[in-house]
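Below you'll find the structure, written out as structure tokens, and then a few comments.
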Amino acid sequence: MESTMNAFPVLETERLILRKVMKTDAASMLTYLSDKDVMEYYGLEPFKTEEEALSEVAWYDEIFTEGIGIRWGITLKGLDKVIGTCGFLNMVKQHSRTQIGYELDKQYWGKGIAREAMEAVLRYGFYEMKLHRIEALIEPPNTSSIKLVERNGFMREGLLRDYEFNGKTFDDLYMYSLLRRDYKGELS
């Protein structure tokens, strides 16, 4: 796994530009981060203020600077507005392992945007960062997220009981993984 990234990489797909999230994106992020449907399985309460969105942007900067994660802002080509994010967190360099996370503005659900963004991020992770294993932790009722990772080749490994505290109760999470040797993406 690559030890340190210097410049923030920009990824491009047929319809999307995945780029660094900036402070100026906080207002557009608040649009979806304040939506209870988007935040249902996020592990946080819906955001109420732009300051909370700015804290999220600061966290993205922090994980990138510390080399423990990278989160791309998802934008449509020709519309430089962040409509979601996708990226890696909890990188463990020694084991070439990380977790993937993502969310998308509800008005863009069902259009293949999350899948397109995830494919670009997975390709970058396996080919540029030389990752060996990418994990996804998903609450069992989150069927849309389960379908998304399964379409991208992830395999369910098991159930992590009472794994995450959501502020009220403990949630079970499915552990999914995708290994480099099982990855079916093409080099671009």
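The values are calculated or read from the model by the stated rules, or taken from the named source; none is laboratory data. All values derive from a computational prediction rather than experimental measurement. With ideal geometry, Cβ positions are generated from the backbone for all residues, glycine too; neighbour counts draw on all protein chains shown. Surface accessibility is based on the protein's heavy atoms, side chains included, excluding ligands, DNA and RNA. Shrake-Rupley method; radii C 1.70, N 1.55, O 1.52, S 1.80 Å.
For the chain, what does the helix formula give at 222 nm: sum of -39500 (n - 2.57) over DSSP H segments with n ≥ 4, over the residue count, nearest 500 deg cm²/dmol? The partial results should precede the final answer.
Details: 5 runs with 49 residues, N = 188.
Computed ellipticity for the chain at 222 nm equals -7500 deg cm²/dmol.
Dipole size in debye (nearest 20) for the chain around its Cα centre, Lys and Arg Cβ +1, Asp and Glu Cβ -1?
660 debye
Taking the dipole about the Cα centre of the chain, with the C-beta of Lys and Arg at +1 and of Asp and Glu at -1, give me whichever of SER144, GLN107, LEU179 is farthest to the positive side.
Value computed over the given set: LEU179.
So, how do all the Cα-to-Cα distances of the range 19-117 break down into 5 Å bins, in percent, from 0 on up?
3, 13, 23, 26, 20, 10, 4, 1
Counting only protein chains, not ligands or nucleic acids, how are ASP61, ASP162 ordered by accessible area (probe 1.4 Å), most first? Walk me through the numbers on the way to the answer.
Values: ASP61 55, ASP162 95 Å².
In descending accessible area the options line up as ASP162, ASP61.
For the range 145-158, what does the Karplus curve 6.51 cos²θ - 1.76 cosθ + 1.60, with θ = phi - 60°, yield as ³J(HN,Hα) per residue in whole Hz, taken in order and with x for Gly and Pro?
5, 4, 4, 4, 6, 5, 5, 8, x, 5, 10, 6, 9, x
Report the percentage of all Cα-Cα pairs in the range 139-188 whose separation exceeds 12 Å, rounded to a whole percent.
Numbers: 835 of 1225 pairs.
Result for the distance tail: 68 percent.
For the range 82-151, just the Cα set please: Rg and Dmax, both in angstrom.
12.4, 39
Report Rg(Cα)/(2.2 N^0.38 Å) for the range 5-46, keeping two decimals.
Numbers: Rg = 13.4 Å, N = 42, 2.2 N^0.38 = 9.1 Å.
Computed over Cα atoms of the range 5-46, the ratio equals 1.47.
For the range 97-175 and the range 7-46, compute the distance between their C-alpha centroids and round to whole Å.
Computed from Cα coordinates, the inter-centre distance equals 15 Å.
Please work out the Cα convex hull volume for the range 40-96 and give it in Å³ per residue.
Values: hull volume 6.5 nm³, N = 57.
That works out to 115 Å³ per residue.
For Cα pairs less than 8 Å apart in space and 6+ apart in sequence, what is the mean separation divided by the residue count of the chain, i.e. the relative contact order in percent?
Details: 322 pairs, mean separation 35.5, N = 188.
Relative contact order comes out at 19 percent.
What percent of all Cα-Cα pairs in the chain falls in each 10 Å bin, counting up from 0?
9, 37, 41, 13, 0
So how exposed is SER96, as accessible area in Å² (1.4 Å probe, rounded to 10)?
Its accessible surface works out to 20 Å², give or take rounding.
Given the options THR169, THR31, THR143, which has the most mean-square fluctuation in a GNM of the chain, springs set between C-alpha atoms less than 10 angstrom apart?
Highest fluctuation of the listed residues: THR169.
Whose amide H sits under 5 Å from the amide H of GLU164, counting only residues 5 or more places off or on another chain, with H placed in the peptide plane?
ASP171
Please compare each pair in LYS23/LYS130; LYS36/LYS168; LYS130/LYS184; LYS20/LYS48; LYS48/LYS111; LYS106/LYS168 to a cut-off of 18 Å on the Cα-Cα distance and tell me which ones are over it.
On the way: LYS23/LYS130 29 Å; LYS36/LYS168 15 Å; LYS130/LYS184 15 Å; LYS20/LYS48 23 Å; LYS48/LYS111 27 Å; LYS106/LYS168 24 Å.
LYS23/LYS130; LYS20/LYS48; LYS48/LYS111; LYS106/LYS168, as the Cα separations exceed 18 Å there.
At THR143 and LYS77, where each label point lies 7 Å from the Cα along Cα→Cβ, what is the point-to-point distance in nanometres?
Computed distance between label sites THR143 and LYS77 equals 3.4 nm.
Placing unit charges on C-beta atoms (Lys and Arg positive, Asp and Glu negative, everything else neutral), compute the dipole magnitude of the range 147-188 about its Cα centre in debye, rounded to 20.
On the way: 8 positive and 8 negative charges, 37 e Å.
Using Cβ point charges on Lys, Arg, Asp and Glu, the range 147-188 gives about 180 debye.
Could you please report the charge total around ASP172, scoring K, R as +1 and D, E as -1 over all other residues with beta-carbon less than 12 angstrom from its beta-carbon?
Numbers: positive: ARG161; negative: GLU139, ASP162, GLU164, ASP171.
Charge balance near ASP172 sits at -3.
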